[in-house]
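Heads up: the structure comes next, in structure tokens.
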Amino acid sequence: MTSKKYENHEKDMLKSILSQSLTSAKPSDETIAKAHENSGINSDDPLIKLKYIYMDKYQDQKLEDLEGSEIIENESGETLKITKKEKIDFSLDKQDFEKNLLCDLKLLPKIGPATEKKLKEEGYEDINSLLNHEKYKEFAEMTIETIESGPHRDIFNLVRKNSNSKGKMLKCAGELEYDSFKFMDIETLGLSNVPIILIGVAEMDKKGKSITSTQYLLRDKVEELAVIDGYLSHIDDNSTLVTYNGASFDVPFINNRCNYYQLNNECQPFHYDLIYYARALWKDKLPNCKLSTIEKHIFNINRADNIPGSHIPGYYDTYLKEGNIGPLIPIIEHNRQDIVSLAQFLMRMYEKF
Amino acid sequence: MDILAIDKFKNDIRFRHKIAHIETLKGNEAIYGNINNLNSKISNYLQNKEIKLYKHQTIAYNKIKNEKNIIITTPTASGKTLAFNLPIFENMLKNKSITAMYIYPAKALSNDQLKVLKDFEKDLDLTIKPATYDGDTPKNKKYGIRQNSRIILTNPYQIHHILSWHHQWKRFYSNLKYIVIDEAHTYKGVFGSNVAFLIRRLKRIAKFYGSNPQFILSSATLANPKELANKLVGENFHLIDKDTSPHGEKDFIFYNPFYKNVKKNTTTGNNNSNSNNNRNNKKINHIITNNKLEKNKDLQDKFIKDVIANNNNGDEGTKITDGLSIHQETEIIFLYLLLKDIQTLCFTVSRKLAELIAMWTKKDMKQYKRPLADKITAYRAGYLASERRNIEEGLKNREYLGVTCTNALELGINIGSLDAVIISGYPGTMISTWQQAGRAGREKQKSLVILLAFENQLDQYFMKNPEFFFDKPHENAIVDLNNDIISTSHILCAANEFPITKEEAEEIFDFKNNRLDNLVKNGELLKNKKEQYIYPYDDEASFKHSLDQLSNDSFKVIATEKNNINTIYRNPSEGKLLETIERRQVYKEAHEGAVLINKGETYIVDSVNLEAKYVNVYKEAVDYHTIVLKDVDIKIKSKIKRERIGDFTVNFGELEVSEDFHEYKKMNFSKSIGSFALDLPPLRFNTKGIWFTIPIEIKDTLEDEFEENNVFAGGLHGVEHALIGLFPLHVMCDQFDIGGLSTNYHQDTQEATIFIYDAYEGGIGICEKALEVFDQLVQSTKSLIDTCLCESGCPSCIYSPKCGNENKPLHKDVTSHILNYIESEVSVIERKNTLDNIHKSENYKHYDKNMKEEYVNNNEPTNNFLYEKKVKNNIKLDENHTNTNSIYNKNKSIHKNKATTNVENNTNNDYITENNLKNKVKNKNNVHNKLQEALKLFKEKNYTFAKDILINILDTDKDNSDAWYLLGAILNDQGDSKGAIKFLRKALIVDPANEKVHELISILKIENRI
């Protein structure tokens, strides 16, 4: 049967492609040889060079020696938790938000731009005034109730469904307590069906004056469930996740890993994925909306020792094989900066709209 | 077509004498059934299409409705598909979310079925969106299929890889209600065993998402359909095997070109009446013959005369009559039928032959009836899809009259039914033969099937024993759930899908003891705090485990031009990848100097790189082939079962096989044109197999009777070949799936022994099944030898094409004598005696613990296959060691006599291996040695094996007090003091002075106050 032959062939190709990855269970000899040839501090590849610089620097250190790190144990086992606190000056200006919302008649069902225009011409300036309108009275009542006392999710959905304004959607965040924000980012060994090696979550105090990053690190692949458990202990129904591209990557990735471990992860907190708002703001102005591009062009941040995601598996593998924590250092640091600057991002983008 | 033309062949004087048997299969009227409360949409559909349901379809419908797992084994074209599509679609009409998975062994089949399902969907006005999901599915379609399709058609290879992406299939798995496995008989051997584990993985995922699918299997007729279904799925099944669809009469003709080799032409009463009928038919035929037909007949006669005239007729001594090759003979019959306007499908054993026979027939047809030449074509895998569809359609509307093909057409592809089928060479299984034969036959007309026999054992067996073929199904499809390599592979894949727990591993995969923890030790799995075992690598486990092969130990065959060979030796990537083959196959067929055949082209193996696993070949047309010679050495590692069949004992257990491929020969047809040494390390593997011994008295008798050399060895060797040759009759496998060894003396049994083993690491269940059907196997083999007319052995009886010893020595008469002996022992009705009772009280199904551990320890992951010469030497030393007394010196308990073994090299009667030659020990103190062995095993607490040996001793020597004593001691150690006392008393009866016995009895009395 050709089909079988063909599939064998296909399988073979895949096998050989897979064996070209150093982190596959059986990397091919050529892959290992290539890795050796290009290795060491003399490598032409700046990323490999960087890895060896870190390995030199950290060769005698242990993860527990890192500042703020401690070994924790939860239901799912032991893992490493790294905590760091720093100052921040965070605030979201919520002035006029409610007033602005109330001016948007389109938030009411069955009111589109045309009807809104007509109503405004008739003198209905805001939703409050519609309480006197025979037809829209009840809708207005409901909408006001939602805006004034409804759960955040409902207000957001009201805005999302009835108004096309990304700005207004983000402005909804102004309603929230600062200490409910969970700025989150993960590092993984690939795009799907592979372990998460690091989950970082940053939280602020009520006043927005300090921000604490907590990172859970996979010291060994057996700890993944403990890492996820550690992260989930930060999340409850009142949390608001803030990520960059988390809606399509980080959150489903964590869900898949929970699914893999048959872990019941019912809690799905409200989520602001800043990439949507970044696209609305800068899509036409920047070559792309990657986080690093925006950092560079908009916020003028140039990060040293940035490791692209595609190199993280290689770095992690070196750590496992050599027992040298060096390669993890830039990953941890990078992740920490990411989650802390997500807070800055949220604030700046909030202001831009 | 002239209806009566179909009967002409069997009466034609030019063919008649080669017909070994004609079985006329009676036509059947349809039996219809009724279904109550059928959904109106469905009953309207049936009415519109004028479909009346057959009874077996309604039975299947009801069983499925009652949520029973079923397996349907009615023949091709009996409406199996409709039988299960009806209830599935009906349930889908009612329940809007349920889904179903249809599994086919090949992609072509799922495409065919997709069309059927889409039509059904359209006719019922239902939204199911059936879709194939396999390697050909465009990437951009996949998401939509996962989200929306309610029926997925796929194959095991695809499932193997998509299972770990189950999170993308949440909707599908959560609602999975039916799993249909079509052509279930194709899931046997290594592939089938892999699929059985794959289904268990699939069920585990379905369970996680909250569904518990029902299974519907369809299969060709088998001896063990329920067992197969049960092993594949792990659940109980209801069998539906009674065909109630109508079909016309069919003549099934066994045609033997080697007819001169057959003792008697089986003519049954049934046949006589047939020929009477035929005579009548002939008369009618003459009456209705018109001019045109008359003209045709002339043409045909001219053609046949031409053929015969062109061939040498002075071949009285040779076996093939008329000097025709079997393939030319096939062509003549094919042409004969086509000239009679009989639409014929001709199955051949290879693609090349399909092409050749079509080409010859076209060419010859041009001389007789030119317009028909364009109605002849070959059809095979490798043709473009459009070409194939064109031929399929052409067969349906009779644009094609004659098609040659390989078994690509055997599985359910829809080409309608034809007038006649020629099967040139037994396709290897009766299932395939019946499936191919099923292509002929229309509802109302008579049809014809002609099976042409080749010279080998199986083909000739059927020619001489047609009743075996037409009797009940004999073939058992084997699925082995005990192969450690396969179960380990699937445990790793399953852990990659979800972390696995100890309970699951044991419950679902029968993965027991500390095997999971051993995988953790080897770094293949990790265990976390929640006792979950996880797959820690970031690749896909499924890619590392093929469903077709046991090991990953495969070699790449790289082809290039001859003058370029040095380049690819240095840099294999510059050559063309021809195929990948397993190590064992490299040793057998692709060693240095071998002629390797790939898609009909011959290649010469230039070199084999054992480290980098490359075989470098270049294309060259040569007129010779190569055969490899090997020495086999076997050690018994443990005995799992000991089966008494009548008075004959057959053992089943774990064997360590070492095959040393030391030489190859270049052969021009059957003449050797040179021998060449090979330098390959022996291939060593652990497997499972059966063995039995032939007592020394038989040897003595036979050596007295026949005065030649190597008489006994030749007989044993013949028995081994003939048994292996007929294995596939009872256990579905290829001859090449098993290996054998026969020896005048084997150190582990200390007797003349024949071994037959599964040629796969870990065993694949073939020999285990053979143990169950051993008596039938012996019967068939005996009848094969008895009916073969040759003088001193031929490929139809005791010659084996794959013999590693050049079919030497072989002795046909002695083979026959030994088989007679085995047969007479096997057919003795089981005697009731104490020994058998002892035997039955033991549970042989479980390995002894000690043995098991020993096995695991030996099974080091590294170098399992390569058995370096150095190691070999060590083993030899080891063996000598065990044959000396040093081990036993300390043991004074029983043996008051000196423990002496006479070790002497006996060079006379060895023929198998150099190793054996050295180990050949003629043991005069046989019983004594056995007793020592038993004692040693007893001391190692290896009771099962020790008991076996003791029973064996008592079999021949009932008055062995020490053996009775030791049995008592074993039972005592095992806590059965009553049984112990019983045996100790026997020991005392035999030898009242045995002090040891008195001692143990008094201890027992004190302990138990007996």
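The values are calculated or read from the model by the stated rules, or taken from the named source; none is laboratory data. This structure is a prediction, so every number in the text was calculated from the model and none was measured. Using ideal geometry, Cβ is built from the backbone for each residue, glycine included, and neighbour counts are taken over all protein chains shown.
Looking at this structure, is A:GLU187 in contact with an Asp or Glu (Cβ under 9 Å, 6 or more places away or on another chain) and within 14 Å of another protein chain (Cβ to nearest Cβ)?
The answer is no for A:GLU187.
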Exercise. Please enumerate the residues belonging to segment B:527-553 that are more than 9 Å from chain A (Cβ to nearest Cβ), within 14 Å of B:HIS161 (Cα to Cα) and hydrophobic (A, V, I, L, M, F, W, C).
Key: B:LEU547
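Does B:GLY416 qualify as being free of Cβ contacts under 8 Å to residues at least 60 places away in the same chain and small (Gly, Ala, Ser)? Quick ask: steps written out before the conclusion?
Details: free of Cβ contacts under 8 Å to residues at least 60 places away in the same chain: yes; small (Gly, Ala, Ser): yes.
When the stated conditions are applied, B:GLY416 passes them.
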Practice problem: With the checklist (1) closer than 25 Å to B:GLY428 by Cβ; (2) modelled with pLDDT of 85 or more; (3) part of a helix (DSSP H, G or I) in hand, flag the one item B:LYS352 doesn't pass. | Solution: (2)
Quiz item: Are any residues in segment B:501-526 among the basic types (Lys, Arg) and away from chain A (no Cβ under 14 Å), and if so, which ones?
Solution: B:LYS502, B:LYS512, B:ARG515
Quiz item: Just one of A:GLU78, A:GLU70, A:GLU64 is closer than 30 Å to A:LEU225 by Cα and within 14 Å of another protein chain (Cβ to nearest Cβ); which is it?
Solution: A:GLU78
Self-check item: Unique match (being surrounded by fewer than 22 Cβ atoms within 10 Å (Cβ to Cβ) and of a type in the set (Val, Ile, Thr)) among B:THR753, B:THR787
Solution: B:THR787
Quiz item: Taking the stated definitions as given, is A:VAL201 within 14 Å of chain B (Cβ to nearest Cβ) and closer than 29 Å to A:THR318 by Cβ?
Solution: no
Quiz item: Do we have any residue at all in segment B:550-558 that's at pLDDT below 80 and buried (at least 19 other Cβ atoms within 10 Å of the Cβ)?
Solution: yes
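If we only count helices (runs of 4 or more DSSP H) wholly inside segment B:19-133, which ones have 3 or more residues that are within 30 Å of B:TYR255 (Cα to Cα) and not assigned by TED's automatic domain parsing to the domain that holds B:ASN148?
Per the criteria, no element qualifies.
Give segment A:63-84 a look and list any residue that's surrounded by fewer than 14 Cβ atoms within 10 Å (Cβ to Cβ) and either assigned by TED's automatic domain parsing to the domain that holds A:GLY150 or touching a strand residue (DSSP E or B) at 6+ places or on another chain (Cβ under 9 Å) (or both), or say none. Let's see the steps before the verdict.
Taking segment A:63-84 as the starting set, the residues that turn out to be surrounded by fewer than 14 Cβ atoms within 10 Å (Cβ to Cβ) are A:64-65, A:67, A:70-71, A:73, A:75, A:83.
Matches in segment A:63-84: A:GLU64, A:GLU67, A:GLU70, A:ILE71, A:GLU73, A:THR83.
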Exercise. State the number of residues belonging to segment B:1-54 that are surrounded by fewer than 16 Cβ atoms within 10 Å (Cβ to Cβ) and among the β-branched types (Val, Ile, Thr).
Key: 4
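One line per residue, one yes/no per condition, for (1) surrounded by fewer than 17 Cβ atoms within 10 Å (Cβ to Cβ); (2) within 14 Å of chain A (Cβ to nearest Cβ); (3) farther than 30 Å from B:THR244 by Cβ; (4) aromatic (Phe, Trp, Tyr):
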| site | (1), (2), (3), (4) |
| --- | --- |
| B:ILE88 | no, no, no, no |
| B:LYS94 | yes, no, no, no |
| B:SER97 | yes, no, yes, no |
| B:VAL116 | yes, no, no, no |
| B:PRO138 | yes, no, yes, no |
| B:LEU163 | no, yes, yes, no |
| B:ASN175 | no, no, yes, no |
Quiz item: Of all residues in segment A:204-226 being surrounded by fewer than 24 Cβ atoms within 10 Å (Cβ to Cβ) and within 14 Å of chain B (Cβ to nearest Cβ), which is modelled with the highest pLDDT?
Solution: A:ARG219
Quiz item: Going by the conditions given, is A:ILE254 touching a Pro at 6+ places or on another chain (Cβ under 6 Å) and either touching a residue at least 12 places away in the same chain (Cβ under 8 Å) or more than 14 Å from chain B (Cβ to nearest Cβ) (or both)?
Solution: no
Quiz item: Taking the stated definitions as given, is B:ASN915 outside the structural domain of B:ALA752 (by TED's automatic domain parsing), at pLDDT below 70 and out of contact with any Leu (no Cβ under 8 Å at 6 or more places or on another chain)?
Solution: yes
Quiz item: If B:ASP748 satisfies every condition in (1) touching a strand residue (DSSP E or B) at 6+ places or on another chain (Cβ under 6 Å); (2) of a type outside the set (Val, Ile, Thr); (3) buried (at least 19 other Cβ atoms within 10 Å of the Cβ) but one, which is the exception?
Solution: (3)
Practice problem: Determine which single condition B:SER638 fails, assuming it passes every other condition in (1) closer than 30 Å to B:GLU751 by Cα; (2) assigned to a loop (DSSP other than H, G, I, E, B). | Solution: (2)
Quiz item: How many residues are at pLDDT below 90 and surrounded by 19 or more Cβ atoms within 10 Å (Cβ to Cβ) when one looks only at segment B:392-404?
Solution: 1
Practice problem: Using the structure shown, decide if B:PHE498 is within 28 Å of the chain's Cα centre (by Cα) and either under 27 Å from A:SER192 (Cα atoms) or within 14 Å of chain A (Cβ to nearest Cβ) (or both). | Solution: no
Quiz item: Only one of these conditions is not met by A:ASP229: (1) closer than 30 Å to B:PHE208 by Cα; (2) surrounded by 14 or more Cβ atoms within 10 Å (Cβ to Cβ); (3) touching a helix residue (DSSP H, G or I) at 6+ places or on another chain (Cβ under 8 Å). Which number is it?
Solution: (3)
